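Beneath this line is the structure, given in structure tokens, with notes to follow.
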Amino acid sequence: MMEIRILLPALLLVFGLGAVFAQSSAPDQVCETKNGTSCEECLRNVSCLWCITTKSCVTYPVRTILPPHSLCPLNDARWGLCWMNFQTLIITLAVIGGVIIIALLVCLFCCCKCENFGSKRFEAKMQRKSNNLRTKQEERKAEMKQRHDDIRKKYGLSGQNPYSRFA
């Protein structure tokens, strides 16, 4: 089981690095050479960004997370899919990320709440068990005292203990 936990991430890392090096080692697929083509042709390369207003294919500016407005307005930028503009893509991903974070927080809160509830039940059960043991012990103690008193009475030792005044 431990081998799978180590092997799977290692394989994913190797394949991911292979994909990155394969894209970076192909200098003949420069995005700017596809300026006269269509959006689909431009977006076949993952590192390209299609701008509808200028109908140009440009290399995605990876140093800035979002493409600057001077390059192409977000509403007119296409990346990955021609039918979805970049602004919609960002909003959709932000909403999905927010929903996932809220769901995780709700699950975490519910799990902690249920765990505390379970521990309170466990503590109550242990308290009941302790009370039962204590009452049984007191009953046994009372039975022993009664038996000792009966033995003292039988042998005539029911009087005051002569050593009690020293205690």
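Quick check on region 1-35: of everything there that is surrounded by 10 or more Cβ atoms within 10 Å (Cβ to Cβ) and not in a helix (DSSP H, G or I), which residue is modelled with the lowest pLDDT?
Ala26
Kindly evaluate Thr64 against the criterion of being part of a loop (DSSP other than H, G, I, E, B) and more than 35 Å from the chain's Cα centre (by Cα).
no
Taking the stated definitions as given, is Glu115 surrounded by 10 or more Cβ atoms within 10 Å (Cβ to Cβ), at pLDDT 95 or above and not assigned by TED's automatic domain parsing to the domain that holds Leu66?
It is false that Glu115 is surrounded by 10 or more Cβ atoms within 10 Å (Cβ to Cβ), at pLDDT 95 or above and not assigned by TED's automatic domain parsing to the domain that holds Leu66.
For region 77-98, indicate whether the set of residues that are among the charged types (D, E, K, R) and either part of a helix (DSSP H, G or I) or exposed (fewer than 10 other Cβ atoms within 10 Å of the Cβ) (or both) is non-empty.
So far as region 77-98 goes, no, none of its residues is among the charged types (D, E, K, R) and either part of a helix (DSSP H, G or I) or exposed (fewer than 10 other Cβ atoms within 10 Å of the Cβ) (or both).
Every residue, every condition in (1) closer than 18 Å to Glu32 by Cβ; (2) in contact with a helix residue (DSSP H, G or I) (Cβ under 8 Å, 6 or more places away or on another chain), yes or no:
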{"residue": "Ser47", "(1), (2)": "yes, yes"}
{"residue": "Pro68", "(1), (2)": "yes, no"}
{"residue": "Pro73", "(1), (2)": "no, no"}
{"residue": "Phe86", "(1), (2)": "no, no"}
{"residue": "Val99", "(1), (2)": "no, no"}
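The values are calculated or read from the model by the stated rules, or taken from the named source; none is laboratory data. Keep in mind that what you see is a predicted model, and the values were worked out from it rather than measured. Positions of Cβ are generated from backbone atoms using ideal geometry, with glycine treated the same way; all protein chains shown enter the neighbour counts.
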